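Have a look at the structure below, then the notes.
The values are calculated or read from the model by the stated rules, or taken from the named source; none is laboratory data. In this text, all values refer to a predicted model and were calculated from it rather than measured experimentally. Reconstructed Cβ throughout: ideal geometry from the backbone, glycine too, with neighbour counts over all protein chains shown. To get the accessible areas, we keep the full protein, side chains included, count just its heavy atoms, and leave off ligands, DNA and RNA. Shrake-Rupley method; radii C 1.70, N 1.55, O 1.52, S 1.80 Å.
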Amino acid sequence: LLSDLQSGSIPRYARVNYLKTTPQNVVQHFQDEGYTFSPKSAFKQPGSFHKAVKAIQTMQLLQDPHIDGLLVFPQNTDFHKHPLYIDGSIILQDKASCVPAYVLSPPNGSHVIDCCAAPGNKTSHLAAIMANTGKIFSFDLDKKRLETMRSLTSKAGVTSAELTHHDFLTVDPKDPKFARVQYMLVDPSCSGSGIYSRLDPLTSENMEADDDRLANLASFQTKILTHAMSFPAVKKVVYSTCSVHQQENEDVVAAVLRDHRDSFTLDTVLPDWPRRGLDIFAGAEKCARMHADDLTNGFFVALFSKIGAVDIDLD
Ligand code: SAM
């Protein structure tokens, strides 16, 4: 079990930043450097992508079959001096952490809130999906992390995000500024138990989280999610954690659904993804889980949809 949980099995993922370039240009650049490229059409057979990643060699790159614009490299590839990394054309981001913005996919012109946004990879992904159109309101409570986010998003060429140092729980949903916000990304602080590189490979101790801590986190996560759902024009809310614990994942979703049973339902996240939410409430299979065996960090994603949401004309 422990060897499966070590970050050693997770390759290096690079997301092509559509604000700077295209996947074609990036792949061409690497091919010009001598890389061989396998497109996702090579991974139609079940298990073939997994096998290819396990066997990936230096100077090889693969197209990820699940997330648009995501490329897969050998784990020890060092991009820090690579021109495409330096100019923000590629962003180093684990596959699991690309799922929330990808499944939310707000159309161009949308207004979006990223409730707990720093250091900003998901805001940057949203801005890329929306081609810097519309508006992203990004909040974070931690000033230092927000400063990191300022440089990260500026390097990525993001111009559509407004970064605010603020407790999201005290942001007023009735503020006319947010009247057109239909999409919410909720990625709150969590135990981080899915980030395998943070685990001690010699013991499984860090997997045993203490119940009080998890209960506190779950209560905070429930509050943030509930607040996100209270914005008047909301249509879709994506909830994610990098935790493997049911208390922070399915339990939070089940509680929030129970409280909003007449106003929200769940949409299916990544329908072709095999690892689903733990079967603890009706519909939990609509959520997706990620695990080292899927060649990603541990992660959880749920997508809520407002019943009867009214469409807004986009800019
Ligand atoms: N979404 C980010 C990304 O992809 O780069 C990662 C977010 S991290 C998991 C959670 C963030 O929530 C932290 O930066 C933390 O400072 C912030 N946070 C915690 N409580 C908050 C609150 N009440 N309002 C806004 N942000 C909060």
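Points worth noting:
- Solvent-accessible area per residue in the chain equals 45 Å², computed with a 1.4 angstrom probe and all protein chains kept.
- Set of aspartates and glutamates near K286 by C-alpha distance (under 13 Å), chain-local residues within fewer than 8 positions excluded: E250, D267, D272
- The chain, helix-only ellipticity at 222 nm - DSSP H runs n ≥ 4, -39,500 (n - 2.57), divided by all residues, nearest 500: -8000 deg cm²/dmol
- Antiparallel beta bridges, as assigned by DSSP with both residues in the chain, represent about 55 percent of the total such bridges.
- Inter-label distance, nm, simple model (7 Å from Cα along the C-beta direction), T265/A309: 1.4 nm
- Given 10 as the ceiling on other Cβ atoms within 10 Å, longest exposed-site-free region of the chain for trypsin sites (Lys or Arg not before Pro) in DSSP loops: 82-173
- For GluC sites (Glu not before Pro), the sites in segment 206-263 that DSSP calls loop and that have at most 14 other Cβ atoms within 10 Å are E208.
- Model label sites at D78 and D212, defined 7 Å from Cα along the beta-carbon direction, differ in position by 4.4 nm.
- Label point of D167 set 7 angstrom out along Cα-Cβ; within segment 212-253, amide nitrogens under 19 Å from it belong to 216-231.
- Gyration tensor verdict on the chain (Cα atoms; rounded if a/c is under 1.5, prolate if a/b is larger than b/c, oblate otherwise): oblate
- For the pair Q57 and K177 in one chain, pulling the backbone fully straight at 0.36 nm per residue adds 38.2 nm over the alpha carbon distance.
- Cβ-derived FRET efficiency at R0 30 Å, K144 paired with Q31, nearest 0.05: 0.15
- Local electrostatic count at A233 - Lys and Arg +1, Asp and Glu -1, tallied over other residues with Cβ under 10 Å: +2
- Calculated FRET efficiency for the pair S219/D68, C-beta based, R₀ 51 Å, to 0.05: 0.90
- Calculated FRET value between Y85 and L278, using beta carbons and R₀ = 22 Å, to 0.05: 0.05
- Rounded percent of accessible protein surface that carbon and sulfur make up, the chain, 1.4 Å probe: 50 percent
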